[in-house]
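The values are calculated or read from the model by the stated rules, or taken from the named source; none is laboratory data. Owing to the predicted nature of the structure, the values given are computational and were not obtained by experimental measurement. Cβ: placed from backbone, ideal geometry, glycine included. Neighbour counts: every protein chain shown. Heavy atoms of the whole protein, side chains included, go into the accessibility calculation; ligands, DNA and RNA do not. Shrake-Rupley method; radii C 1.70, N 1.55, O 1.52, S 1.80 Å.
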Amino acid sequence: MSTENALYTILVEKIKHDALVLPTLPEIALKVREAADDPDINLNRMSDIISQDPALSIGMLKVANSALMGRSVKVETVNQAVTRIGLREIKSIATAMAIEQVFVSENEIVAMHMKNSWQKTIDVTSVAIALMTFYLKDNKHTSLGLDTLALGALVHNIGVLPILTEAENHPDVFANPTFLQQAIVKLGSKIGAAVTQAWGFSEEFSELVESWSDLTVLPTEVHYLDFIRAGAVYHGIFKNESTQEALLRSYVGKGIMPDEGFMKTEEFIEMYESARSMFI
């Protein structure tokens, strides 16, 4: 059996027997999520928790000061950032900001692949956030939220982590990036859904992770999937041109974008860069 087939077989068997080692959510994210679920939590207490993690604190300040928040006055403290973002949204936003900490490895080759995967995730997420920001301008009463979208987009490809971790034991696989990508495409969504379930995320997130690349799942109403898939179109993850065109037409029909060329306009690119600046 080839190394590639061996890895694939091992992954399938471990999934079947619920034996695949899944990444753990960063401790700071767990603390924020637990605090957010406390009915007695207040802004000062939440600020104290976030301040324990320097990277998360910087991330929250970037979010609070981003153009997407629609405020021109700059905030300079975590307390001000939490106040601006709000306790309702802080659970998703803080979790999203902490996700980067999961994309690490002591293995140099694995670390490189994880870095590339995280970069691709940021690219897709930035498109999704920018497009929803545009959509929300004229659809203020929608039940969709930027905080939920940001977290959903940042975990949409989380299934790549257990695959890369398992591949560490089969170093020859990394000499065949095409196969590795095929394994990720075939198994990543299923594994990613298992990761979100293990992290205690709602069923909504698990469905997003499992369905984003399955184009037989086509919501008739505007859905978080639309924005994540738009990011995949923008960055060439969906490579088939007819698929790209069909998806873009559907987004125009749903009122998500004014025309199929919108994501090439200066207006959109500026919004995209603003969104991306929160993660770099």
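Condition test on residue 87, is it among the aliphatic types (A, V, I, L, M) and open to solvent by 40 Å² or more (accessible area, probe 1.4 Å)? So residue 87 fits the description; yes.
I'd like to know if the range 190-213 contains one or more residues that are among the aliphatic types (A, V, I, L, M), under 28 Å from residue 32 (Cα atoms) and open to solvent by 60 Å² or more (accessible area, probe 1.4 Å). So that I can check it myself, show each step before the final result.
So in the range 190-213, the residues among the aliphatic types (A, V, I, L, M) come out as 191, 193-195, 198, 208-209.
Retained after the next criterion (residues that are under 28 Å from residue 32 (Cα atoms)): 191, 193-195, 198, 208-209.
Then keep just the ones that are open to solvent by 60 Å² or more (accessible area, probe 1.4 Å); that gives 198.
Yes: the range 190-213 contains one or more residues that are among the aliphatic types (A, V, I, L, M), under 28 Å from residue 32 (Cα atoms) and open to solvent by 60 Å² or more (accessible area, probe 1.4 Å).
Please verify whether the range 181-188 includes one or more residues that are under 15 Å from the mean Cα position of the chain (by Cα) and buried (at least 21 other Cβ atoms within 10 Å of the Cβ). Checked the range 181-188: at least one residue is under 15 Å from the mean Cα position of the chain (by Cα) and buried (at least 21 other Cβ atoms within 10 Å of the Cβ). Take residue 86 and tell me if it is out of contact with any Pro (no Cβ under 9 Å at 6 or more places or on another chain), of a type in the set (Gly, Ala, Ser) and more than 17 Å from residue 275 (Cβ to Cβ). In short, yes. Applying the set (1) assigned to a helix (DSSP H, G or I); (2) of a type in the set (A, V, I, L, M, F, W, C); (3) under 29 Å from residue 11 (Cα atoms); (4) in contact (Cβ under 8 Å) with a residue 60 or more places away in the chain to residue 134 leaves exactly one unmet item: (3).
Conditions tested, residue by residue: (1) closer than 25 Å to residue 157 by Cα; (2) surrounded by 16 or more Cβ atoms within 10 Å (Cβ to Cβ); (3) modelled with pLDDT of 90 or more; (4) aliphatic (A, V, I, L, M).
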position	(1), (2), (3), (4)
31	yes, yes, yes, no
47	no, yes, yes, no
57	yes, yes, yes, no
66	yes, yes, no, no
71	no, no, no, no
81	no, yes, yes, yes
97	yes, yes, yes, yes
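Looking at 193, 183, 246, 198, which one is free of Cβ contacts under 8 Å to residues at least 60 places away in the same chain and closer than 30 Å to residue 109 by Cβ?
Within the list 193, 183, 246, 198, the selection yields 193.
If you go through the range 148-165 and keep only what is open to solvent by less than 20 Å² (accessible area, probe 1.4 Å) and assigned to a helix (DSSP H, G or I), you end up with 149, 150, 151, 152, 153, 154, 155, 160, 161, 162, 163, 164.
Scanning the range 214-251 for residues being open to solvent by 50 Å² or more (accessible area, probe 1.4 Å) and either of a type in the set (Gly, Ala, Ser) or out of contact with any helix residue (DSSP H, G or I) (no Cβ under 8 Å at 6 or more places or on another chain) (or both) gives a total of 9.
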